[in-house]
Amino acid sequence: MNKIDKNLIDKLVVYYEPYGRDIIETAKVASVTSVGPKYITVGKLKFDKDTLSCPDSNYRLYLGNHEEFSEALGLMAKIRHQLNTLSERYGLDIPVDILRSVNEILAEAVNKVAP
């Protein structure tokens with residue numbers, strides 16, 4: 001996860017509704033106005049630093065620009081699709097060494113994001 005500190009002030013970020021119909025189209029770009037011990041403030045919205053969610057709305061915060069946000073959404077969709085394809089087409093016919101490799105890569109990614 002990105003380091004959350006005072007260096008975020010004035011940085012452009014994206015806030016979005018994770019359950020909206022078109023996340024990319026409805027995402028909004030705004031500047032971080034303050035960073036406190038518990039919250040990141042973007043405009044008039046406060047986002048919890050641990051969850052990057054706004055307790056007063058359904059918004060979530062993405063600590064990057066709109067292009068990175070769009071790319072991240074696309075990559076997540078692609079990864080889910082590839083995992084579903086493996087599971088649906090091949091199930092337990094996938095060699096265990098490949099499953100181990102995929103598991104290691106995903107576990108490493110999880111540990112980098114939320115150690």
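Of the residues in region 46-58, how many are under 13 Å from the mean Cα position of the chain (by Cα) and surrounded by fewer than 18 Cβ atoms within 10 Å (Cβ to Cβ)?
3
With respect to the numbered conditions (1) touching a Lys or Arg at 6+ places or on another chain (Cβ under 8 Å); (2) closer than 20 Å to A114 by Cβ; (3) assigned to a loop (DSSP other than H, G, I, E, B), which one is the sole condition not fulfilled by D50?
Here D50 meets the rest and fails (1).
Can you go through L12, L52, L8 and tell me which one is farther than 24 Å from V110 by Cβ and of a type in the set (A, V, I, L, M)?
L12
Return yes or no: is V102 touching a residue at least 24 places away in the same chain (Cβ under 8 Å), more than 12 Å from the chain's Cα centre (by Cα) and either closer than 19 Å to I9 by Cβ or open to solvent by less than 60 Å² (accessible area, probe 1.4 Å) (or both)?
no
If S70 satisfies all but one of (1) part of a helix (DSSP H, G or I); (2) closer than 20 Å to A114 by Cβ; (3) open to solvent by less than 60 Å² (accessible area, probe 1.4 Å), what's the number of the condition it fails?
Only one criterion is unmet by S70, namely (2).
Table: residues versus (1) of a type in the set (V, I, T); (2) within 26 Å of E108 (Cβ to Cβ); (3) surrounded by fewer than 16 Cβ atoms within 10 Å (Cβ to Cβ).
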| site | (1), (2), (3) |
| --- | --- |
| G20 | no, no, yes |
| G43 | no, no, yes |
| R60 | no, yes, no |
| N65 | no, yes, yes |
| R80 | no, yes, yes |
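The values are calculated or read from the model by the stated rules, or taken from the named source; none is laboratory data. The structure presented is a predicted model; accordingly, all values stated were derived computationally and were not measured. Virtual Cβ from ideal backbone geometry, glycine too; neighbours counted across all protein chains shown. What goes into the accessible areas is simple: the full protein's heavy atoms, side chains included, and nothing from ligands, DNA or RNA. Shrake-Rupley method; radii C 1.70, N 1.55, O 1.52, S 1.80 Å.
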